Each structure stands twice: as structure tokens, then as C-alpha cells.
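The values are calculated or read from the model by the stated rules, or taken from the named source; none is laboratory data. It should be emphasised that the depicted structure is a prediction, and the values quoted were computed from it without experimental measurement. Please note: Cβ atoms are built from the backbone with ideal geometry, for glycine as well, and neighbour counts cover all protein chains shown.
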Amino acid sequence: MSPACRLVSAAGLLPALVLPAASADWPTWGRDATRNAVSPEAGAPHDFRFPVPAADGRPATVGHGVAWAAELGSRTIGTPAVANGLVWIGTNTRPPADESIPSSAWDAGVLRCFREKDGAFVWSRRSPRLTAGYPQDLWGGALGSAPLVEGDRLWYVTNRCEVVCLDVAPLRAGKGEPRDVWTLDMRAKLGVYPHIPVMQGGGGAAVAGLGDRLYVVTHNGVDEGVFNIPAPDAPSLVCLEKATGRVVWTDKSPGKNIMRCQLSSPAVVTVGGRSQVVVGQGDGWLRGFDPNTGRVLWACDLNLKGAEFNFGGLDSKNYVVATPVVYAGRVYIATGQDPEAGSGDGGLYCVDPTKTGDVSRELADGPKKGRPNPNSAVVWYTPKAVPDSAPRIEVGKKKKLDLLRESRDFYFGRTIAGVVAHDGLVYAADFSGFVFCFDAATGRCHWVDDLKVSVWGQPLWADGKVYFGNDNAEVVVYAHGRERRRLATIESPYGIRAGLVFANGTLYVPTESTLYAIRGGK
């Protein structure tokens, strides 16, 4: 065990948890390595109510359909993993009532485990803050890396930039605590300098697995001055042996071209019998890697050659925070900046991963100039200007405005949330709170809605419905389809910055400080 980590278990072991892996488990971010958060189950509810305490003169609301609620820390940004009767989620520690206790004595990122059946607390693992502080770690920051669970093994990345492998068999069997199998400190062993944005609230990249290998984004980035890259030659992507943590290969793309941070989780796509690891990176490029050797198979610049980077400004050059999603042999990826930048011009791309080499829209043709790339793998993308084919949606009571064309200066905005795709449709949200439904094959916009508040987490598709959590403490549910139909807007007691999960008949809603399990209803 890493000397910096502390373990906490429930008082007394729970009954044995020896359960077969259910087909409807949700063992990693996006359910599997495609990262496409689509549930195969029926029965996802949308008529539930959270219990909301009285506040600001409003009476308390009694909950409906809530099977259980589990207390988390004060900040939660990562999605839960549900596997083998257990629910795992990253969070932080709540400040103690005694304010005289120094933060160094209690502040930590925490991996928590609850029993799927009833939400009983089972176990947790603390990772105290790095003494280096911001931007390598954040006071009060959450452990944002969603774990990967396969059988008796669990892997995740701590707030200390460590990759950890746990043997959870003793916990499943009710015979003891998980055992640390191995830990890789990426700062000490690989020279990584992680950058965790303040408003992001914690590192967010989840690991991906393929066969006996593990693929990890290192979070390598800029220093506190945000212009200098302390470790340009340190890897941004690393491949490890699942069993031992041995480093198989590393890749340092994008090196000195990192704009700020790297929080996008890797995805795995298999096309034509060939698997590849796909990662959105800190220079605004999407790259596909050979999973065995680390060779870059293709690379796609998601910015035009003349684009300028101005963090938080109105310029159009961005990096990638959202996670790529694989659907029907295509990769869907959105650009953006971390939450501190706010809203601005972004882009959503559909990329064909079967080509090789530079597959960008443009090739460089002089300083800050580009020309069309005949080898481009970009199937479609959202332009800066709203296309004529996009729907006209009038909003406003006194003065009618075209929602897309007159309410802001760009079409699809910066985002940190991945998409979800099903049945020929792609659902996406930008950081401004605009929700879109696109045709997966052509990029045509079927409908758009304005939630009027930022969306952080990936949407969930389940049982013909699409779920979005937002920063205004709401779950917004739409009917799947080419026509916009909002089914419900459900008030939550706390903001929602992580994606929802539907596993084994239960809808999990991870709010900032409580994990809710919803069952029943319609």
C-alpha cells in the first residue's frame, strides 16, 4: 500500500457479497471502453422525486422512488461504477465541524464503496493531498477518476497521480478489506507534472482496459502560471500490464503543445478487426494509438490552422476535456476548455478511425493558414456559424429570438461532457447548457433546448430516454427521438456534475454530496 493512502471500512464486515457479474452491471465510465453510456435495460424511471429539505421559505419535499441515499463528500464529479453487487465512486472528505483542525489532517480524495442492494457503506480508501498543492492537487478536490472493475480487480487513478490496482475479492466475499496489488506513482516514476483545474474540482480521466493491458491518461499539463510546461517530455498516455503495473509503452504527444490540462479519458474502438486506443489531448488533437506498441495510427487536429488560443476568451482554439465516444464505427468528440474558461465557441466532430496519418480537416499551408486535407477522416463537424439546416426555435415572451442564431455568437459551444449515441442519433450538451440532438451519420441538428445552466456530465441513454444532470441541481429527461419532447425536470437537493448511470434496474444520480439510487416508476 502507498504510505500516503489510508483505508476505512465499515464497523464489522458485511455479509458475503459473492455474486456473479451481472450482464447489466456498469463497471466503468460509459459502461464499457467505447464510453457510449447506453443501457441495454428497460424500466428506467423518470417520475421520481428527490427528498429536498426546506430552504428559502420553501417547504420540504418528500421523495418518491428513492431506494436509498448514500452520503458522499462535499464534492463529486466522477460517475459511479456498479459491479458484482458493489457501487464504487470517487469523492472527497467533508470538512470537520471543528474548524481549528488543519486541512492537512483530513483533506483527501476518497474512493467509496457501497452495497448495491441497500446503499450500506462498505469501505473507503483515502488519498491525502499532495503537499505540492495547486495545480498538481486541489484543496477540497474530488477524486474524479471513475474506476474500472473486472472480476476481482479494480483500477483507478488517485488525486496523487497514482494508478492503483486493488484486489476486491476479500470484500466481495465478506472476509476482509481489499488488498493493494500494485501502485504506480506517475510523478515519481514517469516525471509527470499533473495539472488539475480549480473549477474542475479534481482529475477526471478514467482508465481503459483491453485484454491484459491498461491505458491511462497521466494529466500532464502546465504549471500554476499556466504558460510553462514543466515536463514536456513526460508521457501523456501510458500503457500498463493490468496484473503487475509494469509500463509497456508510453507516448508524450502532445509534449510542448499542451495548452493547459489533459482530462479526457481514453476509449477503445475496434474497426475491421483492428483495435485502437483513442484519446483527446491537450493540444486539441484526437489521436488513435496501436494498443500493443503505442504507435500513432492517425491524428486529427480539431482546430483550424488559423485558430488562436486564448484561455477563457472568445477565440476558437480549444483542447479536449470531453471523453471520445465510439458508436457505429465512428468516433464522436467535442472540444472545449476546463470549466474556469466558461462558455465560448467549440466544436463537435465525427471522425472515421479507419484512415491513417494526418486526418485533420486542414493541412498547414503557411503561417496560420490551412488548405483542405484530401486524407481527412472528418465525416462531419459543427461549424462556427449556425447552418441553414438547423431548426429555428423562437424563445422569449416579449421579444422573440431565434435560440440558435440570435442568442449567442456560435453554434456548438465549448464542452467538457462526452456525447451519447443510439439508434442513429447523437445527444450532446455544451457548457452553456444547450442540449442538441444530431443525426449520427450527417450531423444535421434535429432539435436543441436551452437548460440555461452549465452541463458537466455525459448524458445517459436508457429505455428510450435521455438523461442530463446540470449545475442547477436538476435531472432533465427527454424522450429519445428526432422531435424534442422533454419528459421531466426533476429538482435535486444538490448540483449534479457527473453523469448518471442505469444498472441492474437502478438509476444512480451522483450529486455533489449524495449518491441516490432510484428504482421503480416509469
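Close contacts from segment 148-173, counting a first residue that is at positive phi and a second that is surrounded by 24 or more Cβ atoms within 10 Å (Cβ to Cβ) and assigned to a strand (DSSP E or B), with Cβ to Cβ under 9 Å and a gap of 6+ residues or different chains, come to G151/A83; C161/P194.
Among all positions in segment 125-136, there is no residue which is under 18 Å from D25 (Cβ atoms) and buried (at least 23 other Cβ atoms within 10 Å of the Cβ).
Of everything listed in (1) among the hydroxyl-bearing types (S, T, Y); (2) without any contact (Cβ under 8 Å) to a residue 60 or more places away in the chain; (3) surrounded by fewer than 17 Cβ atoms within 10 Å (Cβ to Cβ), the single unmet condition for Y427 is (3).
Residues being at pLDDT 95 or above, part of a loop (DSSP other than H, G, I, E, B) and of a type in the set (K, R) are entirely absent from segment 302-314.
Cβ separations smaller than 8 Å between residues 6+ apart or across chains give the following pairs from segment 106-131 residues that are under 23 Å from I196 (Cα atoms) and in a loop (DSSP other than H, G, I, E, B) to residues that are modelled with pLDDT under 95 and among the hydroxyl-bearing types (S, T, Y): W106/T93; D107/T93; R129/S103; R129/S104. Criterion first (on the phi < 0 side of the Ramachandran plot, in contact with a Leu (Cβ under 6 Å, 6 or more places away or on another chain), touching a residue at least 60 places away in the same chain (Cβ under 8 Å) and aromatic (F, W, Y)) does W182 satisfy it? Answer is no for this residue. Select from segment 174-194 the residues that are touching a Pro at 6+ places or on another chain (Cβ under 8 Å) and under 19 Å from R112 (Cβ atoms) and list them in ascending order. Residues satisfying the conditions are G174, G176, E177, P178, R179.
Each residue in segment 481-509 was checked for being touching a Leu at 6+ places or on another chain (Cβ under 8 Å) and closer than 17 Å to Q458 by Cα, and 7 of them qualify. Kindly check whether there is at least one residue in segment 455-469 that is under 28 Å from the mean Cα position of the chain (by Cα), closer than 30 Å to D290 by Cβ and among the aliphatic types (A, V, I, L, M). Looking for residues that are under 28 Å from the mean Cα position of the chain (by Cα), closer than 30 Å to D290 by Cβ and among the aliphatic types (A, V, I, L, M), one finds none in segment 455-469, hence no.
Residues that are on the phi < 0 side of the Ramachandran plot, modelled with pLDDT of 95 or more and either assigned to a loop (DSSP other than H, G, I, E, B) or in contact with a His (Cβ under 7 Å, 6 or more places away or on another chain) (or both) within segment 458-480 comprise Q458, P459, W461, K465, V466, V477, H480, listed in sequence order. Within segment 144-160, the set of residues being in contact with a Phe, Trp or Tyr (Cβ under 9 Å, 6 or more places away or on another chain), in a loop (DSSP other than H, G, I, E, B) and closer than 23 Å to A231 by Cα comprises just one member, S145.
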